[in-house]
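Visitor: Quick one: structure below, then a few questions.
Bear in mind these aren't lab numbers, they're just calculated from the coordinates by the rules spelled out. Being a predicted model, the structure only gives us computed values, none of them experimental. Note: ideal-geometry Cβ built from the backbone for every residue, glycine included; neighbour counts use all protein chains shown.
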Amino acid sequence: MKLILSTSNIMSGGPSVIRRPMFEKSNAELTSSLRENFTISQRASTPLTNGNAGPAKPSFRSWTTQQGSAIYVPSHAPSPLVEPRESYDITVKLFFLPNIPSDRRSAQTREAIDLVLRELGTTSIDLLIVSFPGISFDADDEESDSDEPLTPPSNPTTEGGCSDSGVMPEDIDTMVATWRTLEKLHEEKLVSKLGIAEFGVQRLNKFLPQTKVKPTVNQINVRDCCVVPKPLILYAKKEGIELLTHNDCTNVLPPGTLREILGSGDRGAGVLAGEGNTEGLKGDVQPQWVVKYTAVVKDRGVVESKGYFAVAELNEAA
Amino acid sequence: MPKSEMLTKFCRRKIAKEHMATTEYPITLTTFPRLGTPDCTTPSYPVSGPKLRSQYVPDEIANPHIRFPTLAANIRWRRGRKVEVNVPVFRDEKTQWPWKDPSVNYDLHNWPEDDDVRNGAVKDNYIYMDAMAFGMGSCCLQITFQAKNIEEGRKMYDQLSPLGPILLALTAATPIYKGFLADTDVRWNQISRAVDDRTPEELGEKPLQNDRWRLPKSRYASNSTYISQDSRLRKEYLDPNLIVDQDLKQRLLDGGMDDLLATHFAHLFIRDPIVVFNEDLKSLDLSKADHFENLQSTNWQHMRFKPPPPGSDTGWRVEFRPMEIQITDFENAALSVFIVLITRAILSFDLNFYMPITRVSENMETAHIRDAVSTEKFWFRKNPFSTRPSRTTNGTGESTPVGSRPSTPFGPVEDEYEQMSINEVINGQQIEGGFPGLIPLVESYLNSMNVDVETRCELARYLDLIRKRADGTYWTAAKWIREFVRKHPKYQHDSVVDDEISFDLVKAAEQITQEEGRDGLGWEMLGKRR
């Protein structure tokens, strides 16, 4: 069984898109907007009663949709872009998660792109950035000659921060193998530009010669963008790679977090069985990948649509 | 260096400098500290000219284009006396109290208006000024935005309105008038009074006989109404006592204009035109908008809604007008970019800053209070977010957005806003469910955009300046200038800013313009810059 989780467009979502402190990496945007979208869908599926606070949570079947072996959580309908396609810059970031076999990535990438294209009602993407598990820019660049040392997050596992997946970055060959899938999408003109995240100079040096389509973007997370290591800036300039900023967690959806969001606890959506919820799905959920999409009206710098899809496997045999 | 800074640094100041004498330098102070003192202009001209009839500034101070002296003369004529620009004086340790402006000449008899000072125009404890130049001679930072269409323009106009007083207080830079320390920090009300053409009847000093209405505000004042056809605009936000020309409004309505916009224009049109060119009265050319622009451009509100000029492809625009000019290009770039980013965040997140417009006017007054940025509280909306559209699910699993939930009943308007410090508005309230803060909203917007590291670094410097101005780490220019005067060895602690102090202040402004704090001068405003 596969679970397809979605946030819908989070731009009008209010508090879930705002977080503090600003430079802290965080997956709070994903987790709180998932929760919010679930709550809204639950509320919409509950017939209005006599004004009292609703009864217990509605059955998850009422606000989710099963199609074959996939369950959409919540039930989902696309919200296509309003203006003509050429008005937009569409960026998609695909997060591969730790401990998921990399041979699934080809299919996962197709699936992710397909979901986003359908959501936005379009046929192509401007920039696709791939995030490999275990990579962290801060620790990665040993060659930094910056005057001021980059400070790693002082407390990386605090609430709202990023939890460490504990996995090492994978070897270059695995990354290159994944990259071939992206190159294929580029060839098919589904994606115009490709990007990577958190690569330092050394990794770029090993990676670039093996690519057929070079990444044009390297997205890095630095608390203070004014202290990006000089060598990386020079290298990127030489290779024609644009250095962009982000503040996403690499390990954007740890299994424990997902279990809590879907579970039967106080803060859970009641999709998974648990105490007092025998109707819920039984088994172990394993997040597979997450995709973030952003559609910006180019001329005006207005973010019209932004959201996430996350896919998890439910192993009922567990 | 980003383009915005480069433009002023390498273009405008440079071009200005090229047209100046070697002893001159283009600085951006809001006002010249000793404007209106004897010999304050070079070359020197006699005061009490026929156009301004001011006892402080010569007619030559006005732009020689016929429009400007005429404007000043017509305002005076309509008022029936000179303008009265009274600013409270700053009471220092040795300031005589009550304080009587020592620079008033009560014995001038060149013009009928010279009687003004003998008829109560001068007030105890106020600095007295008597000409349009004291207000309209100010320098400020105004930004015009292009909207994609009229709807977006109307929305930006409304949403930026409540930010006006906040940005006015944050940019405060005007603590000196006519050689005296003032007890206020910003220029706004002085300009308002310097072009106030209301008659005694309109001001409520005499019973209404010839004039049509009492007017609570000068034609230079904060906005008085909202204009967006936005479902979030509650009628409670509008001012029930707004003065409009009802006949004119009816004509606009009859012509197909909607009520909100008709109200806006019918409000602007309660004013008389101040300058009309003779030739424009000979025949009415409807292909031009001169008569409209004439009234529009002499209604100086803190936002301006600008319809496209006829026959051009310029679209709908909105101007944000309250900010004070800062000494350095860096600060001016920071504030300009900040406002641009706020508009992008407003449009992207569909933010809602609505509150009763009369509260905005109230905030405008609060912004004048000395050091308002760190001592005062301003009315502001608590929750800027709109309710997320709810979705209904049907049997097939398809869901349809049903738009903003109309089912959510509106609570009392008074519960929607509260008093906040500038720091809370800019940096956010550190409480659960509190106002998130303009900077966190902007940061959140930037996190949704593809921004390269160098640009983000520049933006971080800009936002850091604004963050620290708001939280009190850095001083406003008003505070810095006031302290500069008070620490000057020649200052007698009697509120008087003499020629020597003024000279040193202007030289300091020149140095800060060039060094931007890197040499340590002005670090209280700018921080320790590399």
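Visitor: Net charge around B:I346, counting only other residues with Cβ within less than 11 Å of its Cβ (Lys, Arg = +1; Asp, Glu = -1)?
Guide: -1
Visitor: Residue by residue through the range B:32-49, what is 3J(HN,Hα) from phi via Karplus (6.51 cos²θ - 1.76 cosθ + 1.60, θ = phi - 60°)? Round to whole Hz and write x for glycine and proline.
Guide: Running phi through 6.51 cos²θ - 1.76 cosθ + 1.60 with θ = phi - 60° gives 6, x, 10, 4, x, 8, x, 6, 7, 10, 10, x, 7, 10, x, 7, 6, x Hz.
Visitor: Using θ = phi - 60° and the Karplus curve 6.51 cos²θ - 1.76 cosθ + 1.60, what whole-Hz ³J(HN,Hα) does each residue of the range B:82-95 get, with Gly and Pro shown as x?
Guide: Calculated HN-Hα couplings, in order: 6, 5, 10, 9, 9, 10, x, 7, 6, 8, 9, 3, 10, 6 Hz.
Visitor: Can you list the DSSP H helices in chain B whose Cα atoms extend at least 27 Å along the helix axis and whose mean Kyte-Doolittle hydropathy is -1.0 or higher?
Guide: B:329-349
Visitor: FRET efficiency for B:E483 and B:W300, Cβ-Cβ distance as r, R0 = 30 Å, nearest 0.05?
Guide: For R0 = 30 Å, the calculated efficiency reads 0.45.
Visitor: Can you give the mean number of other chain Cβ atoms that lie within 10 Å of the Cβ atoms in peptide B:347-360?
Guide: 2
Visitor: Any of B:K14/B:K377; A:K214/A:K306; A:K184/A:K237; A:K57/A:K292; A:K193/A:K230; A:K298/B:K155 with alpha carbons more than 31 Å apart? Name them for me.
Guide: The answer is B:K14/B:K377.
Visitor: Moving on. Give the residues of the range A:96-135 whose amide nitrogen is closer than 13 Å to a point set 7 Å from the Cα of A:R180 in the direction of its Cβ.
Guide: A:103-107
Visitor: Before rounding to the nearest 500, sum -39500 (n - 2.57) across all DSSP H runs of length at least 4 in the protein assembly as shown and divide by the residue total; then give [θ] at 222 nm in deg cm²/dmol.
Guide: Calculated from helices alone, the mean residue ellipticity at 222 nm is -9000 deg cm²/dmol.
Visitor: While we're here: Residue by residue through the range A:190-207, what is 3J(HN,Hα) from phi via Karplus (6.51 cos²θ - 1.76 cosθ + 1.60, θ = phi - 60°)? Round to whole Hz and write x for glycine and proline.
Guide: Couplings: 6, 10, 8, 10, 10, x, 10, 10, 6, 7, x, 4, 4, 5, 4, 4, 7, 7 Hz.
Visitor: By the scheme Lys and Arg +1, Asp and Glu -1, what is the net charge of all other residues having a beta-carbon under 12 Å from that of A:I4?
Guide: Summing Lys and Arg as +1 and Asp and Glu as -1 gives -2.
Visitor: In chain B, which cysteines lack any other cysteine Cβ under 4.7 Å from their own?
Guide: For chain B, the answer is B:C11, B:C40, B:C139, B:C140, because their Cβ atoms have no other cysteine Cβ under 4.7 Å.
Visitor: Sequence gap at least 6, Cα distance under 8 Å: using those rules, report the relative contact order of chain B to the nearest whole percent.
Guide: 19
Visitor: For the range B:299-314 and the range B:126-179, what is the separation of their C-alpha centers, rounded to whole Å?
Guide: 16
Visitor: Which Cα, out of B:S448, B:P308, B:M20, lies furthest along the positive dipole direction of the protein assembly as shown (beta carbon charges, K/R +1, D/E -1)?
Guide: Checked the options; the winner is B:P308.
Visitor: Related question: Roughly how far apart, in whole Å, are the Cα centres of the range B:8-71 and the range A:79-93?
Guide: Their Cα centres are 51 Å away from one another.
Visitor: At R0 = 45 Å, how high is the FRET efficiency between A:N205 and A:K2 if r is their beta carbon distance? Nearest 0.05 is fine.
Guide: Computed FRET efficiency for A:N205 and A:K2 comes out at 0.75.
Visitor: For B:Q146 and A:T39, what does the FRET efficiency come to when R0 = 51 Å and r is the distance between their Cβ atoms, rounded to the nearest 0.05?
Guide: 0.85
Visitor: On to the next question. Report, by chain and number, residues whose modeled amide H sits under 5 Å from the one on A:I71, excluding near sequence neighbours (fewer than 5 apart, same chain).
Guide: A:K2, A:L3, A:I4
Visitor: Between A:S59 and A:T46, how many nm apart are label points set 7 Å from Cα along the C-beta direction?
Guide: Between A:S59 and A:T46, the label points sit 1.7 nm apart.
Visitor: Run down the lysines and flag those whose C-alpha is under 20 Å from the C-alpha of B:K490, throwing out any fewer than 8 positions away in its chain.
Guide: B:K94, B:K178, B:K479, B:K507
Visitor: Calculate the dipole size of the range B:9-525 relative to its Cα centre from +1 charges on Lys and Arg beta carbons and -1 charges on Asp and Glu beta carbons; express the result in debye to the nearest 20.
Guide: 440
Visitor: With both bridge residues required to lie in the protein assembly as shown, what share of the DSSP beta bridges run antiparallel, to the nearest 5%?
Guide: Of those bridges, close to 70 percent are antiparallel.
Visitor: Now for a separate question. What is the extension gain from B:D499 to B:S283, computed as 0.36 nm multiplied by their sequence separation minus the C-alpha to C-alpha distance, in nm to one decimal?
Guide: 72.6 nm
Visitor: Hey, for a label at B:K17 modelled as a point 7 Å past Cα toward Cβ, could you say which residues of the range B:331-365 have their backbone N under 18 Å away?
Guide: B:331-333
Visitor: Based on alpha-carbon centroids, what's the gap between the range A:242-315 and the range B:416-446 in Å, whole number please?
Guide: 27
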